[in-house]
Amino acid sequence: MSTKTKYLITGGCGFIGSCLVRKLLDDDNNFIVNIDKISYASNKNSIQGHDNKNYTLIESDINDAGVVEDALKSHSPNYIIHLAAESHVDRSIDSPDNFINSNIIGTYNMLQYSYGYWSSMEGLKKKNFKFIYVSTDEVYGSIVDENCSFDEESPIRPNSPYAASKASSDLLARAWYKTYSFPVIVTNSSNNYGIWQFPEKLIPLVIKKCLKEQKIPIYGNGKQIRDWINVEDNVDGILAVLNNGRLGERYNIGGLNELTNLEIVEVICKFLDEIRPRNIGKYFDLIEFVKDRPAHDFRYSLSINKMIKEINWKPVIPFEDGIKETVKWYLDNENWLFYETQERYDGNRLGQIKK
Ligand code: NAD
């Protein structure tokens, strides 16, 4: 009988999910079952190079109940970490239906079938079982008072269809804990940056535009504030919550690193000026301000006191180092930036900048 710890991950071929899968595969005692429908944002290659004997990809939609039930039955996971979701705010404005299906109904399915699976479990395995739902700081909406941050008791006030779909799932997770005592914990993380992100999101998009010498579209005045966390720190936080979090709780996972969109773009441009200078001018000259996104949240800010006090976790990767490593990775992986993703890039909107 296998003594490995089995994780069922959903969305494990996405940006954050693949980082989580890579991290878990570093330990030979882990076995990963990944359910991912392989959307435009997925990157199967990001998991290559690891010892795949501990890894199974089930290429399917989480809304396919038979597949989810089968995966639970045949692999009998110790833990479930649910990340599968549509994740781009602009796309949620253009086509909310995908977000309702994957993010709300998909999460309902995951909760309901996992609850059925957990109910049939016995003994220590049942006692130790946990379901982690990976959510976002966007569920809290925008915070105006610069002296305040959202904590886990802050009201849920989502403003975009994406944020509303995630918030709906936060509430479903809560209800499954309260009503059925299903052992679920929610994490709400801030903006992640790092390798293998689809180049419609701010950081890889800016790098791509710079390298192509194209205009860098900035929504509104670019003064919107986001709290940036390295994806590896987020993954460490998610695993810390899995190991030490209290059931039925939510935990904010933030980077303690608030920057305006314009500041982020400036950092990237300056670093590119150093390592890949343009023939004429500076990369920052490529900036173009475009019409703001509807209901664009002005500021996200997370208090991570609960993570620090209860879980003894805080982010460790300094932004100045992490962003340079990230930029260098995209330069070394232009294939991902330009070719692999180009055909899947629905680039008819000017401002394709997330958050
Ligand atoms: P991503 O878009 O890069 O990846 C999402 C993955 O989920 C993709 O591989 C996609 O194929 C898969 N997926 C989507 N719908 C599916 C479905 N119905 N069935 C099966 N697979 C499906 O997203 P990401 O940035 O890696 O985000 C992962 C999770 O973290 C999401 O739940 C997102 O809401 C949350 N989150 C992201 C951020 C961020 O900054 N990226 C911040 C906070 C929270």
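The values are calculated or read from the model by the stated rules, or taken from the named source; none is laboratory data. Computed from a predicted structure; not experimentally measured. Cβ sites come from the backbone with ideal geometry, for glycine too, and all protein chains shown count toward neighbours. Just so you know, the surface numbers come from the protein's heavy atoms only, side chains and all, with ligands and any DNA or RNA stripped out. Shrake-Rupley method; radii C 1.70, N 1.55, O 1.52, S 1.80 Å.
Please give me, ordered by residue number, the GluC sites (Glu not before Pro) of the stretch 71-158 that lie in loop per DSSP and have at most 13 other Cβ atoms within 10 Å. All intermediate terms of the calculation are to be shown ahead of the outcome.
Working: sites: Glu86, Glu122, Glu138, Glu146, Glu152, Glu153; in loops: Glu86, Glu122, Glu146, Glu152, Glu153.
Those that pass, being in a loop and sparsely packed, are Glu122, Glu146, Glu153.
With the dipole of the chain worked out from charges on the C-beta (+1 for Lys and Arg, -1 for Asp and Glu) around the Cα centre, which of Tyr7, Ser74, Asn188 lies farthest toward the positive end?
Ser74
For the stretch 258-346, build the charge dipole from Cβ charges (+1 Lys, Arg; -1 Asp, Glu) around the Cα centre, then report which of Trp313, Leu337, Val267 sits farthest towards its positive end.
Final value for the positive-end residue is Trp313.
About the Cα centre of the stretch 142-286, how large is the charge dipole given +1 on each Lys and Arg Cβ and -1 on each Asp and Glu Cβ? Please answer in debye to the nearest 20.
On the way: 17 positive and 19 negative charges, 126 e Å.
Charge dipole, the stretch 142-286, about its Cα centre: 600 debye, nearest 20.
Give the calculated FRET efficiency between Asp273 and Leu124 to the nearest 0.05, with a Förster radius of 41 Å applied to their Cβ-Cβ distance. Walk me through the numbers on the way to the answer.
On the way: r = 57 Å, r/R0 = 1.38.
Here the calculated transfer efficiency is 0.15.
Rounded, prolate or oblate: pick one for the stretch 79-161, where a ≥ b ≥ c are the square roots of the eigenvalues of its C-alpha gyration tensor, a/c under 1.5 means rounded, and failing that, prolate if a/b is larger than b/c, else oblate. Walk me through the intermediate numbers first.
Working: a/c = 3.57, a/b = 1.54, b/c = 2.31.
The shape class here is oblate.
Write out the GluC sites (Glu not before Pro) in the stretch 210-307 meeting two conditions: DSSP loop, and at most 15 other Cβ atoms within 10 Å of their Cβ.
Working: sites: Glu213, Glu232, Glu249, Glu258, Glu263, Glu266, Glu274, Glu288; in loops: Glu213, Glu249.
The qualifying sites are Glu213.
Kindly report the accessible area of the chain per residue (heavy atoms of protein chains, probe 1.4 Å, no ligands, DNA or RNA), in Å². The partial results should precede the final answer.
On the way: 15210 Å² over 355 residues.
Computed with neighbouring chains in place, this is 43 Å² per residue.
Pick from Ser120, Ser142, Ser87: which residue has the top mean-square fluctuation in a GNM of the chain where Cα pairs under 10 Å get a spring?
Looking only at Ser120, Ser142, Ser87, the largest GNM fluctuation is found for Ser120.
How high is the relative contact order of the stretch 73-150, in percent, counting Cα pairs under 8 Å that sit 6 or more residues apart?
Details: 40 pairs, mean separation 34.1, N = 78.
Reported as a whole number, the value is 44 percent.
Could you order Asp70, Asp273, Asp170, Asp236 by accessible surface area, starting with the largest, using a probe radius of 1.4 Å? Write down the numbers at each step before the final one.
Working: Asp70 100, Asp273 35, Asp170 0, Asp236 55 Å².
Output order, biggest surface exposure first: Asp70, Asp236, Asp273, Asp170.
Determine the dipole magnitude for the stretch 255-315: charges of +1 sit on the beta-carbon of Lys and Arg, -1 on that of Asp and Glu, nothing else is charged, the reference point is the Cα centre, and the result goes in debye to the nearest 20.
Values: 10 positive and 10 negative charges, 41 e Å.
Once rounded to the nearest 20, the dipole reads 200 debye.
Charges on Cβ only, +1 for Lys and Arg, -1 for Asp and Glu, centred on the Cα centroid of the chain; of Ser120, Tyr251, Pro217, which one is farthest towards the dipole's positive end?
About the Cα centre, the residue reaching furthest to the positive side is Ser120.
Take every Cα pair under 8 Å in the chain that's 6+ residues apart, average their separations, divide by the length, and report that relative contact order as a whole percent.
Working: 653 pairs, mean separation 64.9, N = 355.
Once normalised by length, the contact order is 18 percent.
Hey, any idea what % of the stretch 201-355's accessible area is carbon plus sulfur with a 1.4 Å probe?
Working: 3380 of 7110 Å².
Percent of accessible area from carbon and sulfur atoms in the stretch 201-355: 48.
Among Ile185, Ile104, Ile275, which one shows the highest mean-square fluctuation when the chain is modelled as a Gaussian network with alpha-carbon springs under 10 Å?
In this elastic network of the chain, the residue with the biggest mean-square fluctuation among Ile185, Ile104, Ile275 is Ile275.
With +1 assigned to the C-beta of every Lys and Arg and -1 to the C-beta of every Asp and Glu, and no other charges, what is the dipole magnitude of the stretch 1-127 about the Cα centre in debye, to the nearest 20? Numbers along the way, then the final one.
Numbers: 12 positive and 15 negative charges, 108 e Å.
For this selection, approximately 520 debye.
Excluding Tyr180 itself, calculate the net charge of residues whose Cβ lies under 15 Å from the Cβ of Tyr180, where each Lys or Arg counts +1 and each Asp or Glu counts -1. Each step should come with its number before you reach the end.
Working: positive: Lys126, Lys130, Arg174, Lys178; negative: none.
Neighbourhood net charge equals +4.
Of Lys208/Lys282; Lys44/Lys328; Lys6/Lys309; Lys130/Lys306, which ones are farther than 26 Å apart at the Cα? Mind dumping the intermediate values first?
Details: Lys208/Lys282 15 Å; Lys44/Lys328 21 Å; Lys6/Lys309 28 Å; Lys130/Lys306 19 Å.
Table pairs above 26 Å Cα-Cα are Lys6/Lys309.
Could you work out which residue, out of Gln112, Gln48, Gln197, moves most in a Gaussian network model of the chain, that is, has the largest mean-square fluctuation with Cα springs under 10 Å?
Evaluated over the chain, the most mobile residue of the options is Gln48.
To make sure I understand the rule: partners must be aspartates and glutamates, Cα under 19 Å from the Cα of Lys4, and not fewer than 8 residues away in the same chain. Which ones qualify?
Asp26, Asp27, Asp28, Asp51, Glu122
Just for the chain, what percent of DSSP beta bridges are antiparallel, to the closest 5?
Details: 3 of 41 bridges.
Here the antiparallel bridges make up roughly 5 percent for the chain.
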